[in-house]
Structure formats: C-alpha cells, structure tokens
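These notes concern the structure reproduced below.
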Amino acid sequence: MTAFKFDPKKLAKLNNPERLHRENPELIWTTLALPSPDTVIDIGAGTGFFAIPFSRKMPHGKVYACDIAPEMIGWMEENLPDDCRQKVIPLKMTENTVPLPDGQADLVLMVNLHHELENPTALLGEAWRLLKIGGKLAIIDWRDEQTPDGPPVHIRVSESHIREQTHKAGFTDIRAHNNLPCHHFVVAVKEA
Ligand SMILES: C[S@@+](CC[C@H](N)C(=O)[O-])C[C@H]1O[C@@H](n2cnc3c(N)ncnc32)[C@H](O)[C@@H]1O
C-alpha cells in the first residue's frame, strides 16, 4: 500500500504561526534536555519549522534538514533566514536512507512524519545508524484521535505502536511526554 504523503503544494500550512503554540519548538527543545548537542538530523523537515529554531540553540552546531520532497529542499534553500544559512543544511534523502555517515547525531527528530512512512522499521534502523551512542530519537506525531487539525484519524499511529516499533529497532529508555495538546511525543535513547 502506498503511504499517505503531505502535499508539497500545501507547504505554507507548515509555516502557520499557530503551530508555535500547538507544537512549540521551545518547549520541545527544553523537554529533550540534550547535554551539549552539535548535530541534529531532522527527518521530514518540511520547511524547517523545527530545524531553524533548533539551529539557533546550537551556536556551533548544525541541523541537517532532510526530506524526500525536492519542493521542500528547494523552499528551504531559497527561504532560510540569513542567520541559519551556515547552520541548517537542506538535504535530499530517499524514503529510508539519509546520505550521512554513521554515529554523528545527538538527536534525530521526526515530526508529523510517522504516519507518512512506508517502512517505519527501516527508517528507525536508519535513525539508529545515524545517532551517536547516548543520542536521542524524538518522534512527535498526531495523536490517534480527533483533533482540530491534522491528517485523517484512520492513518494516525498509536503511541503504543510507536513505542513498540522503537523498542524493536533497539532503542531503550523510551519515554512519552504528555506536554503537547494534539501530539504524541516519544523520546528514546541509543544506548551502547
Ligand atoms: C507533514 S510534513 C511535516 C514537516 C515538518 N516536520 C513539520 O512538522 O513542519 C511531512 C514531511 O515529511 C516528508 N516525508 C515523507 N516521508 C518521508 C520520508 N520517508 N523521509 C523523509 N521525509 C519524508 C514530506 O515530504 C513532508 O515534507
């Protein structure tokens, strides 16, 4: 079955400032409590809604803003704010593969992506490969219940399913944070 994919023609929706309350990047960053990160890999980065503010949290760090859609990569290349141009690197990826070396990320971030994945097992394995030992995977996706906005409920993924898939991919210390009104927020660690 072909997975539901976000329509790049609707990319302006991703920049809706209402999201700053519903999916507050500041709150998400604080909750993640990364000790001294220098590399974030944002998979399914869209327009960089998270990549941009996260890059500003790391004075000497980089965010690789990865997406399968050339429209998203092109949009970021044209529209990144000047202060982020050296720090946010738009990067075209394929469905399950990020063209970056092993073991370099402090954080792999996936927001509003899980319900679009063709093969979650393969992409979670890719996240594992990309992370440093001690690095974190954060999966934030629409709760599988009716919310004022978001994709059809029948394609959303339950928190228990996300936890199970994450566990099977080898992650440990899997925690769910309950501080976003419409989203699951699951964080897991790549331990040695
Ligand atoms: C709903 S948008 C979310 C964008 C961004 N994370 C945000 O929350 O603003 C989902 C994005 O994931 C991308 N996408 C879908 N499947 C993907 C995959 N397997 N790997 C990378 N990106 C993917 C889509 O092209 C789209 O840009």
| message | For residue 177, what accessible surface area do you get with a 1.4 Å probe? Give it in Å², rounded to 10. | response | 50 Å²
| message | Using only the heavy atoms of the protein chains and a 1.4 Å probe, how would 28, 133, 174 rank by accessible area, largest first? | response | 133, 174, 28
| Stretchable slack from residue 82 to residue 153, in nm (0.36 nm times residue separation minus alpha-carbon distance) | 21.8 nm
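Using just the helices of the chain, give the 222 nm mean residue ellipticity in deg cm²/dmol: DSSP H runs with n ≥ 4 each add -39,500 (n - 2.57), and the total is spread over all residues, rounded to 500. Write down the numbers at each step before the final one.
Working: 6 runs with 49 residues, N = 192.
Computed ellipticity for the chain at 222 nm equals -7000 deg cm²/dmol.
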| message | Within 10 Å of each candidate Cβ there may be at most 14 other Cβ atoms; applying that plus a DSSP loop requirement, which GluC sites (Glu not before Pro) in region 73-128 survive? | response | 95, 118
| query | residue 168 versus residue 20, label points 7 Å from Cα toward the beta carbon: distance in nm? | reply | 4.0 nm
| note | The local net charge around residue 90, scoring Lys/Arg +1 and Asp/Glu -1 for residues other than residue 90 whose Cβ lies under 11 Å from its Cβ, equals -2
| request: Leaving ligands, DNA and RNA out of it, report the carbon-plus-sulfur percent of the accessible area of the chain at a 1.4 Å probe. | output: 54 percent
| remark: In vacuo Debye sum over C-alpha of region 96-192, base-10 log of normalised intensity I(q)/I(0) at q = 0.16, 0.21, 0.23, 0.25 Å⁻¹, listed in q order, is -0.62, -1.03, -1.19, -1.36
| said: Please list, by residue number, every one of the trypsin sites (Lys or Arg not before Pro) in region 25-106 that is coil in DSSP and has at most 12 other beta-carbon atoms within 10 Å. | reply: 85
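Among rounded, prolate and oblate, which fits the chain when a ≥ b ≥ c are the square roots of the eigenvalues of its C-alpha gyration tensor, a/c under 1.5 means rounded, and a/b larger than b/c means prolate?
Numbers: a/c = 1.27, a/b = 1.04, b/c = 1.22.
Here the chain falls in the rounded category.
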| task | Just round it to a whole percent: the fraction of Cα-Cα distances in region 109-161 exceeding 12 Å. | result | 67 percent
| Loop GluC sites (Glu not before Pro), region 150-192, which have at most 15 other Cβ atoms in a 10 Å radius of their Cβ (DSSP) | 191
| field | Reachable aspartates and glutamates, given that their alpha-carbon falls under 19 Å from the alpha-carbon of residue 132 and they are not under 8 places away in the same chain | value | 38, 42, 102, 106, 173, 191
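With +1 on each Lys and Arg Cβ and -1 on each Asp and Glu Cβ, and nothing else charged, work out how big the dipole of the chain is about its Cα centre, in Debye to the nearest 20. Provide the component values of the computation, followed by the final result.
Details: 21 positive and 26 negative charges, 43 e Å.
I would put it at about 200 debye.
The values are calculated or read from the model by the stated rules, or taken from the named source; none is laboratory data. Since we're looking at a predicted model, the values are computed, not measured. Because the Cβ atoms are built from the backbone with ideal geometry, glycine has one as well, and the counts that use them run over all protein chains shown. SASA here: full protein model, heavy atoms, side chains in, ligands and nucleic acids out. Shrake-Rupley method; radii C 1.70, N 1.55, O 1.52, S 1.80 Å.
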